[in-house]
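Q: Please read through the structure below; I'll follow up with questions.
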Amino acid sequence: METTLSFVFALMDRLLPFSFAEPSFMKRAILSILLTAPAAAALGVPLVQHRMAFFSDAVGHSAFTGVALGVLLGVSPSWTMVAFGAFVAVAIILVKGRTDLSSDTVVGVFFSTVVALGIAVISREKGLTRNLQAFLYGDPLAVSDTELLWMAGVFLLVCAFLALLYNRILLLGIHEGFARTKGVRAQAVEISFALVVALVVTAAIRAVGILLVTALLVIPAATARNVARGAASALWISVAVAVLSGFSGIVASWYLDTATGATVVLAAAACFALTALYRAAVKRR
Amino acid sequence: MNGKEHRHTLEIRNLAVRKGGVEVLSGIDADLRCGEVTALVGPNGAGKTTLLLAILGQVPYTGEIRFCRAAEHGEGAPKIGYVPQHLPLDPDAPVTVLDFFALSSQRRPVFLGASRRTRESARQSLERAGVGHLLHRPMGRLSGGELQRVLFALALRDAPDILLLDEPVSGVDVAGEELFCDFLSQVQRNSRFSLLLVSHDLSVVTRHADQVICLNRRLVCSGATTEVLTPENLAAMYGTDAHLFRHAPADGHGHLHEEGGK
């Protein structure tokens, strides 16, 4: 584990011979963003097609409760956050499939319930707020080696998921009944998608924080929609926006002395604004 | 359809569907026959789409739906094609017609591109439907008629034994409807499958359907089109104020009008 990381760090010294990339905390920050942001952006394309932006926000906020529960139970909050996020994601999908309520209503109920639970736990345990700070705002500069390896694992999992299920999840987002006639097992696909989204969201929280994690899924995919013509270019543009804004956001935060996660999200938002202007200009012509 | 043997491809016996404790369909008996067009007619909320979903196995039901294989179709379960009423795609959805073909057939993830086989079969079936030029167009920007033809081309590419069409001419302009119906009967002559068509438009039904199933939460009547679409049956389905108007003599087919005030 140590040797793998030192090899990667040595490689980064070669590839990025700049002063901002010298400290090892910066190398960790760059790696953490470059592992989580593209994975989130790729999942964002079907997520936006499924109109599930609010869902990912709810899963993100469930991390708040997951961390609180971890501290309360004396377990590592990083793990309870992942487990609780996955639990909430699957619970939302299961409940959504069994009621006639619209999906944003179901998500809304879960969203407020988990946040209320988190606040209730925190208000009982004084001194917990300090722990939560790192999760609320995120800090890629403080990512540990274990967390980096976890992010790499999630990254590989997302690649495998997309390779196996991308067609089915996208078709399901277009028309469920039609997808079923093409042999898509709707609920199995939906639950596995929700789980992968939960893993990415909880992994990315260390980098950009609970408040901003949805941005990593939604903004690159929305940017891709402004310019992409087909399903292939949509995914690649989304990933490219994530890599570009991730890298430029980290560098900018180094020089501007701003919060890294927030700067990355602002860079992505700038990409969205530029492509939206481009689209408006093309449309008017 | 003279001279064809009318073997059944699908037999429905005593079918009932309940939704949230309410019986939406009950006591449905019907047959689909090989090489024929069967129209499913009935007012809004009559359970037409529900019956399609039951045939597709997407809603739980009681009773029996039996699929029968004609000898020339070979072994195994019959393939069912389905053309939904509409696709709720926004105009900016980054999904082209080719993507849509690829999504519903190929194993390779669509972000790595459409396979040569997908590309070839998509082009062929779109050309057969007279819409070859739409291959690279975004799905969300197709007109109603274009979308129906693309969906129809996709359904036919997979050579179904039974094709279910949900309101195939809704949202289509008159010219598009004519083209669509021509295409329908042309395909019907060329391949041997049975087609179940949900329609509100009785002019389409009278021109293209061999058999009609009239539905209003239960089976009102079924049989050959010419025998079934009588004023009495229409009244039983749509209420007494409904009439099958004959338009100008040259027109030769009727439209159903529900007159105001019940």
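FYI, it's all coordinate maths here, none of it is from the lab. Computed from a predicted model, the values in this text were never measured in an experiment. Positions of Cβ are backbone-derived with ideal geometry, glycine not excepted, and every protein chain shown enters the neighbour counts.
Q: Mind jotting down the distance between the C-alpha centroids of the stretch B:98-131 and the stretch A:100-149, whole Å?
A: Spelled out, the Cα-based centre of one part sits 43 Å from the other.
Q: Using a 7 Å offset from the Cα along the Cα-to-Cβ direction at both B:ARG119 and B:ASP92, what is the distance between the two label points in nm, to one decimal?
A: 3.0
Q: How much net charge surrounds A:LEU31 when only other residues with a Cβ under 11 Å from its Cβ are counted (Lys, Arg +1; Asp, Glu -1)?
A: Around A:LEU31, the surrounding residues sum to 0.
Q: State log₁₀ I(q)/I(0) for the stretch A:140-187 at q = 0.20, 0.21, 0.28 Å⁻¹ as given by the Debye formula over alpha-carbon point scatterers of equal weight, solvent excluded.
A: -0.68, -0.71, -0.94
Q: Run the simple label-point estimate for A:VAL90 and A:VAL75 please: 7 Å along Cα→C-beta, distance reported in nm.
A: It is 1.3 nm.
Q: Please go through the residue pairs A:LYS96/B:LYS48; A:LYS182/B:LYS79; A:LYS96/B:LYS79; B:LYS48/B:LYS79 and name each one whose alpha carbons sit more than 22 Å apart in this structure.
A: A:LYS96/B:LYS48; A:LYS96/B:LYS79
Q: Using every Cα-Cα pair within the protein assembly as shown, state what percent have a distance larger than 35 Å.
A: Result for the distance tail: 47 percent.
Q: If you consider only alpha-carbon coordinates, what radius of gyration and Dmax does the stretch B:88-158 have, in Å?
A: 11.1, 30
Q: Now for a separate question. With just the Cα atoms of the stretch A:29-211, tell me how far they stretch along each of the three principal axes, in Å, largest first.
A: That gives 54, 37, 22 Å along the principal axes, largest extent first.
Q: Given the Cα atoms of the stretch A:24-126, and with Rh set as the inverse mean 1/r over their pairs in the Kirkwood sense, what is Rg to Rh to two decimals?
A: My calculation of the ratio gives 1.04.
Q: Would you mind working out the magnitude of the charge dipole of the stretch A:1-148 relative to its Cα centre, with +1 at each Lys and Arg C-beta and -1 at each Asp and Glu C-beta, to the nearest 20 Debye?
A: Magnitude of the dipole: close to 260 debye.
Q: Using 0.36 nm per residue of separation minus the Cα-Cα distance, give me the extension gain between A:VAL189 and A:THR129 in nm, one decimal.
A: So the extension gain works out to 17.9 nm.
Q: Another question, then. What residue among A:VAL90, B:LEU15, A:PHE155 has its Cα farthest toward the positive end of the dipole of the protein assembly as shown, where the charges are +1 on Lys, Arg and -1 on Asp, Glu, each on the Cβ?
A: Looking along the dipole axis, the top candidate is A:PHE155.
Q: Residues with beta-carbon under 13 Å from that of B:ALA114, excluding B:ALA114: net charge, scoring Lys, Arg +1 and Asp, Glu -1?
A: Result for the local shell: +4.
Q: Here's another thing I want to ask about it. Report the local net charge at A:GLY108: Lys and Arg +1, Asp and Glu -1, summed over other residues whose C-beta lies under 13 Å from its C-beta.
A: For residues surrounding A:GLY108, the net value is -1.
Q: May I pose another question? Using the Cα centre of the protein assembly as shown as the reference point, and only Cβ charges (+1 on K/R, -1 on D/E), how large is the resulting charge dipole? Debye, rounded to the nearest 20.
A: The calculated dipole for the protein assembly as shown is roughly 960 debye.
Q: Out of all DSSP beta bridges in the protein assembly as shown, what portion is antiparallel? Express it as a percent rounded to 5.
A: Here the share of antiparallel DSSP bridges comes out near 55 percent.
Q: For the stretch B:88-158, with only Lys/Arg (+1) and Asp/Glu (-1) charged at the beta-carbon, what is the dipole magnitude about the Cα centre, in debye rounded to 20?
A: It works out to roughly 340 debye.
Q: To the nearest 0.05, how large is the calculated FRET efficiency for B:ARG108 and B:HIS200 if R₀ is 60 Å and r is the Cβ-Cβ distance?
A: 0.90
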